[in-house]
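Notes follow the structure.
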Amino acid sequence: MIKSDSSTLIELKNAGVKRAGKWLARGITFSLHAGEIVTLIGPNGAGKTTSAKMALGLLDLDEGTALQKSELRVGYVPQKVSIDWTLPLRVKRFLNLTGSCSETEINAALAMTGTSHLLNSEVNTLSGGEFQRVLLSRAIAKKPELLVLDEPVQGVDNSGEEAMYNLIETIAKTLNCGVLLISHDLHFVMSATTHVICLNGHICCSGTPRAVSTSSEFRTLYGSKISANLAIYEHMHDHTHATDGSIVKLEEMAENSKDNKEITTNA
Amino acid sequence: MLDDFLFRAFLGGIGVAIITGPLGCFVVWRRLAYFGDTLSHSALLGVALAILLEVNIMLAVFVISVLMGLALLMLRQIAPLSSDALLGLLAHSTLAVGLIALSFMTWVRVDLLGFLFGDVLAINQFDLLTIGLGGTVVLLVLKVIWRPLFAATVSPEIARAEGLRPERAEVIFMILMASVIAISMKIVGVLLITALLIIPAASARCFSNSPEQMALFAVLVGILSVIMGLQSSLTLDTPAGPSIVAALLLLFIVSTLSMPKIRSIKRKYSNNASHGAMS
C-alpha cells in the first residue's frame, strides 16, 4: 500500500490477488476522488469484495499497485459482521469501536440513519435492518473521507432498498465523502453514481449509469421497481464468460455458433 | 503481615484474579480457551527447562509460552491442520516432553503436584513482587492495546480498514497471555489456569452492559472465588488451587441461574427509563 498526497482517495492500478493459484480478481484499475460515488457490480464470486479490500489495503496484492491518500479516514461497512453473544455490546459503545466519538457525533450519526432510539440497545438484539443501519451509523460517526459499503441493501425489500439508497446519497452529500459501493444488482445502480464498474474476475466494462427518468420504456417495464434514486446501467461487454470462467470474445462466439450451425446442417 | 503465609496467599491470589479478569474476557470473546490451555500445558516444559538450566522458573515458563504462541502462528501457515488440532498437538506433546524431562532429573525432587495444581500457600515475598509488578505491566499494556484489540475482536476487517493495525495488538495480546500464565502458575497450577481466565469472564457476562464493565465484574468474581477457595481450604483442608476453581464453578452456576431474573429487572428498568425520556 503506497500512501500519496493527491486529491485521489484510493487508486488501484492493474491490481490482482491470487489464492491457491487462482486469481480472485485481476487487472483491476480504478480511482475514487472526494465527492464521487463508484459502484462495483457483478455476479457472486466476481471479485467485488476482493477489489474493495485491495483498495482498502486489507489484502496484499500479488500484482499491480494500490494507492491510498495518507491518513485517509475510512468508514467501512463489511458484508458480514457477526457479534458473538459473549460480547456485551451496546449500540453506543459499538459506535466508539475504532475511535472515540463525542455524544454529539454519536447522536448525529444515529439520527441520520433514523436509529436514535437504539442508542442503549444491545447489538445482538437488533433486527437485520436495524443492524445494517447501525453499522452505517458507526461508519459515518467520525465523518470519513471515504465510505466503503459492501452490499448495504442485502436482505432489504424494495422499499427498504430505496430508502437505503436515499440515505447513502444524503450521507455522501452531507459529508462530501467519496463512496465505494458494492452491489449484486446487475442492472440498477444508485442514480447518483458517478462511475459503474462491472466485474467478473476482471473489469468487464465500466461507464456511467443512464438516468431512468428519461427512458419511459423501462418505466413501463419495471414499474414500481424504478424510483428516482435508481438508474439503469447498460453493459457494454465485448466478451462473455464460458462456464469455467474463461473469457470468450463476442466475435469468436459468433463464429463458433456459425460453425455449430454448419455442423447441424451437415448432419 | 507479609510474613504470614496465609496473608501472602490471599494477596497473591487476589493479585492474580485482578490480572486474569480482563484478559480472560478476551479469551472468552475471541474463543481462545483452548489456546490458553495449550500455553499452560507447555508451561511444564518451561519448569523442566528452568530446573535443568538453573534459571528462574517464571522466566522460563514465560519464554516457552511465547515460543508456543509463535510456533502456533507459524504452524497455521504451513501445516494442513485446523487450529484446534494444532493446539491439541502442541498442548499434549509439550506436556509429555515436560513430564519426561522432569522424570529424568532424579537429582532434584520436583513437587509435580505443586506445578500441576498450584501451591498457593507456598507463595513467598518474591512471588508477590512478581505478581504485583508483572501484573501492573500486563494491565497497563492491555489498557494501551484495548481499543484495537477489542475492535479486532468485533470485526478484524473494520479494525484493519480503519487503520487500527490489529495484527500488532494480537501479537502483544499473545505475549500478555504468556506472562499471565507464568505469573499465575503458582496459584492454581498449569492444569487449572484456564479456569481462572474463562470462568470469571463467563460469570460476569450476564451482569454486564459493556465490555469494560464485564472486565471489571470478572475481576470481582475472580477475587471472590480466591477468598472462598482459600477459606474452604483452611476450614475443610481441601487443596487450595482446585478449591478456587470449584468456587468459580459455584459462582458461575449462581450467576447463570439468576440471569433470567436479572434480565427481567433490567428490561423493566430500561422500559421505565425510556418512558421517562419520552414524557
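The values are calculated or read from the model by the stated rules, or taken from the named source; none is laboratory data. Fair warning: this is a prediction, and the values are worked out from it, not measured in the lab. When we count neighbours, we look across all protein chains shown, and the Cβ atoms used for this are built from the backbone with ideal geometry, even at glycine.
Miscellaneous remarks
- Pairs are defined by a Cβ separation below 8 Å, a sequence spacing of at least 6 or placement on different chains, a first member in the range A:74-88 that is facing chain B (nearest Cβ under 7 Å) and without any contact (Cβ under 8 Å) to a residue 60 or more places away in the chain, and a second member that is part of a loop (DSSP other than H, G, I, E, B) and not charged (D, E, K, R); the pairs so defined are A:VAL81/B:SER155; A:ILE83/A:LEU89; A:PRO88/B:SER208; A:PRO88/B:ASN209; A:PRO88/B:SER210.
- Of all residues making up the range B:179-196, the number that are surrounded by fewer than 24 Cβ atoms within 10 Å (Cβ to Cβ) and within 13 Å of B:THR38 (Cα to Cα): 2
- Output for the range A:34-49, where each listed residue is in contact with a strand residue (DSSP E or B) (Cβ under 6 Å, 6 or more places away or on another chain) and over 19 Å from A:HIS184 (Cα atoms): A:ALA34, A:GLU36
- Tally, over the range B:9-63, of residues that are closer than 30 Å to B:LEU234 by Cβ and among the acidic types (Asp, Glu): 1
- Hits in the range A:98-113 (condition: under 17 Å from A:LEU126 (Cα atoms) and either touching a Lys or Arg at 6+ places or on another chain (Cβ under 7 Å) or within 12 Å of chain B (Cβ to nearest Cβ) (or both)): A:THR113
- Criterion: in contact with a Ser or Thr (Cβ under 6 Å, 6 or more places away or on another chain), farther than 25 Å from B:ALA247 by Cβ and of a type in the set (A, V, I, L, M) - qualifying residue of B:LEU164, B:LEU149, B:LEU89, B:LEU99: B:LEU164
- When the residues of the range B:213-244 are filtered to those that are crowded, with 18+ Cβ neighbours inside 10 Å and either touching an Asp or Glu at 6+ places or on another chain (Cβ under 9 Å) or among the charged types (D, E, K, R) (or both), the one that is farthest from the other protein chains (Cβ to nearest Cβ) is B:ALA240.
- A:GLY114 vs. criteria outside the structural domain of A:LEU9 (by TED's automatic domain parsing) and either in a helix (DSSP H, G or I) or within 15 Å of the chain's Cα centre (by Cα) (or both): no
Listed here are the residues, each with its yes/no results for (1) within 14 Å of chain A (Cβ to nearest Cβ); (2) within 21 Å of the chain's Cα centre (by Cα).
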| position | (1), (2) |
| --- | --- |
| B:THR106 | no, no |
| B:LEU121 | no, yes |
| B:ASP127 | no, yes |
| B:VAL138 | no, yes |
| B:VAL144 | no, yes |
| B:GLY163 | yes, no |
| B:LEU176 | no, yes |
| B:SER179 | no, yes |
| B:SER184 | no, yes |
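Residues are listed down the side, and each one gets a yes or a no for (1) outside the structural domain of A:GLY178 (by TED's automatic domain parsing); (2) among the aliphatic types (A, V, I, L, M); (3) surrounded by 20 or more Cβ atoms within 10 Å (Cβ to Cβ):
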position	(1), (2), (3)
A:ARG19	no, no, no
A:SER31	no, no, no
A:GLU36	no, no, no
A:THR39	no, no, yes
A:ASP60	no, no, no
A:GLU63	no, no, no
A:GLY99	yes, no, no
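- Qualifying residues in the range A:153-186 (those that are of a type outside the set (A, V, I, L, M, F, W, C) and surrounded by 23 or more Cβ atoms within 10 Å (Cβ to Cβ)) - the one nearest to the chain's Cα centre (by Cα): A:SER183
- Any chance B:ILE172 is within 16 Å of the chain's Cα centre (by Cα) and surrounded by fewer than 24 Cβ atoms within 10 Å (Cβ to Cβ): yes
- B:GLU170 satisfies every condition listed in (1) farther than 24 Å from B:GLN213 by Cα; (2) part of a helix (DSSP H, G or I); (3) more than 14 Å from chain A (Cβ to nearest Cβ) except (1).
- Residue identified as outside any loop (DSSP other than H, G, I, E, B), among the basic types (Lys, Arg) and surrounded by fewer than 22 Cβ atoms within 10 Å (Cβ to Cβ) among B:ARG109, B:ARG8: B:ARG8
- Close contacts from the range A:131-146, counting a first residue that is more than 19 Å from A:ASN120 (Cβ to Cβ) and a second that is charged (D, E, K, R), with Cβ to Cβ under 6 Å and a gap of 6+ residues or different chains, come to A:PRO144/A:ARG73; A:GLU145/A:ARG73.
- The residues of the range B:33-81 that are in contact with a helix residue (DSSP H, G or I) (Cβ under 7 Å, 6 or more places away or on another chain), outside any helix (DSSP H, G or I) and not polar (S, T, N, Q) amount to a single one, B:ALA79.
- For A:VAL189, the test of being within 30 Å of B:PHE207 (Cα to Cα), surrounded by 18 or more Cβ atoms within 10 Å (Cβ to Cβ) and more than 12 Å from chain B (Cβ to nearest Cβ) is failed.
- Search result, residues across the range A:28-67 that are touching a Lys or Arg at 6+ places or on another chain (Cβ under 6 Å) and within 14 Å of chain B (Cβ to nearest Cβ): A:LEU58, A:LEU59
- Among the candidates A:PRO144, A:PRO152, residue that is in a loop (DSSP other than H, G, I, E, B) and more than 13 Å from chain B (Cβ to nearest Cβ): A:PRO152
- In the range A:157-179, the residues that are farther than 18 Å from A:VAL196 by Cβ, touching a residue at least 12 places away in the same chain (Cβ under 8 Å) and not in a helix (DSSP H, G or I): A:ASN176, A:CYS177
- A residue that is of a type in the set (D, E, K, R), modelled with pLDDT of 70 or more and not in a strand (DSSP E or B) cannot be found anywhere in the range A:208-224.
- Residue list for the range A:107-117, filter: touching a Leu at 6+ places or on another chain (Cβ under 7 Å), crowded, with 16+ Cβ neighbours inside 10 Å and closer than 28 Å to B:PHE207 by Cβ: A:LEU110
- Listed conditions (1) within 30 Å of B:SER203 (Cβ to Cβ); (2) at pLDDT below 90 are all met by A:GLY47, apart from (1).
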